[in-house]
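Scroll down for the structure; my scribbles are underneath it.
Where a number appears in this text, it was derived from the coordinates with a stated rule and is not lab data. What you are looking at is a predicted structure, and each value in this text was computed from that prediction instead of being measured. Here the Cβ positions follow ideal geometry from the backbone for every residue, glycine too, while neighbour counts run over all protein chains shown.
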């Protein structure tokens, strides 16, 4: 009886913790917005660097250089893009507002593997990863509960 | 038996209906764009009538290409895979027009060309004038190093006041280094310092063009030339090495028949290279292309006036223009 109540309490506690991990809004980090300038080189079929990082509020300028044929860069979620031909770099500026991970795509059909020419823009800390790690930790804590129930 | 006759008639009728679009009237040609390595434009010769609207459908079989027509003010359009772009062109004058790819689609992008033969009444039969480099008997393949180079970058804004007659013909036929050498012998200009004489040369060069012309020249340079010649004319563009490698491989295959080497683009950041070239020589090189390199023939795409603007822009790599 006592054991079962204890188990119930632990289960409820873990469930509440898990809900908290999932639902509590991410704290806003008070970082001063800065201007970021990134030179991105596009070649068949990759962006270099492939991952860009910024914090919410930052003004990001991307200068796109093509290293072989005409390429473009399109930032998913922000809907901004630019296209560069070899020898003619282009730059564009936008303000990042939404945090999260956004995909970069080539916006010009540049060759057979064009659909796989991708990059990433990460804005702000990766809360999804942090939450997933916390949930994984809770799952590890919950594991003995399940095991004991079966052996009991 | 009767049924069989009926069946034969039905089949014949169906075949007849199906063939109507094949024989009725002219249909709009569909132009396929492919990488030059895969065959370029198909078809690469089109026929049109002067003064008549000429409809054309464009599609790409691989990557994004562009369609532009030289010597006309037709706006280039993009040719994307999976879609068909409709264009209607009108040619006022009969002649042969070159269409070309306007998007850097690959190493051999500049080989993607085709022609439109426009038929019609030719108003005048005056033979075209030979280009200036031919008239001046300039060997555009000969080396042309400058004998003298300025110690500091010449600046047209600091030119001394000197009344010097300088016509377009003189400009076209003389390299800046030659003009400098000439000034060094002229009585009125002999006493100036070297820097002053170079500044005078820069001012005379600037006097042969205008800021608007330089802007147009720069735009063409960036679009067409920078990929091989480099954004600052250093001969270090992205494709310079790749073209040299590709050319070398081709030369190896031809070993024995052609004893020649692929040349890299010249370094115009070196005053000895650029200041030894006369405008007519540079104009001729653009017009004709070749030189055992990947240099395309621009005469088919750009008018003389446009090429002169590019020539004027090239000199700004060495001479400051106000």
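Report, for the protein assembly as shown, the % of DSSP beta bridges that are antiparallel, rounded to 5. Write down the numbers at each step before the final one.
On the way: 43 of 66 bridges.
Rounded to the nearest five, the antiparallel share is 65 percent.
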Original post:
What per residue convex hull volume, in Å³, do the alpha-carbon atoms of segment B:132-315 yield?
Top reply: 128 Å³
**OP:** Can you tell me the 0 to 90 degree angle between the C-alpha axis of helix B:194-207 and the longest principal axis of chain B, rounded to 10?
**Re:** 30 degrees
Original post:
Roughly what % antiparallel, to the nearest 5, for the DSSP beta bridges in chain B?
Top reply: 65 percent
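Between residue B:6 and residue B:28, what is the FRET efficiency for a Förster distance of 25 Å, r being their Cβ-Cβ separation, to the nearest 0.05? Walk me through the numbers before you get to the answer.
Numbers: r = 38 Å, r/R0 = 1.50.
The value I calculate is 0.10.
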Subject >> Rg and Dmax of segment B:30-119, Cα atoms only, in Å >> reply: 12.2, 36
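Over its Cα atoms, what ratio of radius of gyration to 2.2 N^0.38 Å does chain A give?
Working: Rg = 22.8 Å, N = 152, 2.2 N^0.38 = 14.8 Å.
Ratio of Rg to 2.2 N^0.38 Å for chain A: 1.53.
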Original post:
Quick one: helix A:127-151 against the long Cα principal axis of chain A, what's the angle to the nearest 10°, folded into 0 to 90?
Top reply: 30 degrees
**OP:** Specify whether the C-alpha gyration tensor of the protein assembly as shown places it in the rounded, prolate or oblate class, a ≥ b ≥ c being the square roots of the eigenvalues: rounded for a/c under 1.5, otherwise prolate if a/b is larger than b/c and oblate if not.
**Re:** oblate
**OP:** May I ask for the equivalent-ellipsoid semi-axes of segment B:194-251, computed as the square root of five times each C-alpha gyration tensor eigenvalue and listed largest first in whole Å?
**Re:** 32, 16, 8
Original post:
Which value does Rg/Rh take for chain B over its C-alpha atoms, Rh per Kirkwood?
Top reply: 1.13
Original post:
Expressed as an acute angle from 0 to 90° and rounded to the nearest 10, what is the orientation of the C-alpha long axis of helix B:304-315 relative to the principal long axis of chain B?
Top reply: 40 degrees
**OP:** Take every DSSP beta bridge whose two residues both sit in segment B:30-119, then give the antiparallel share in percent to the nearest 5.
**Re:** 65 percent
Original post:
Using the alpha-carbon centroid of each, what span in Å lies between segment B:1-78 and segment A:91-152?
Top reply: 48 Å
Subject >> Computed [θ] at 222 nm, deg cm²/dmol, chain A (DSSP H ≥ 4; -39,500 (n - 2.57); rounded to nearest 500) >> reply: -11000 deg cm²/dmol
Original post:
Between segment B:155-177 and segment B:189-232, how many Å separate their Cα centres?
Top reply: 12 Å
Subject >> Label-point gap, in nm, between residue A:13 and residue B:152 - each point 7 angstrom along Cα→Cβ >> reply: 8.1 nm
Original post:
222 nm [θ] for chain B, helices only, -39500 (n - 2.57) per DSSP H run of 4+, per residue, to 500?
Top reply: -10500 deg cm²/dmol
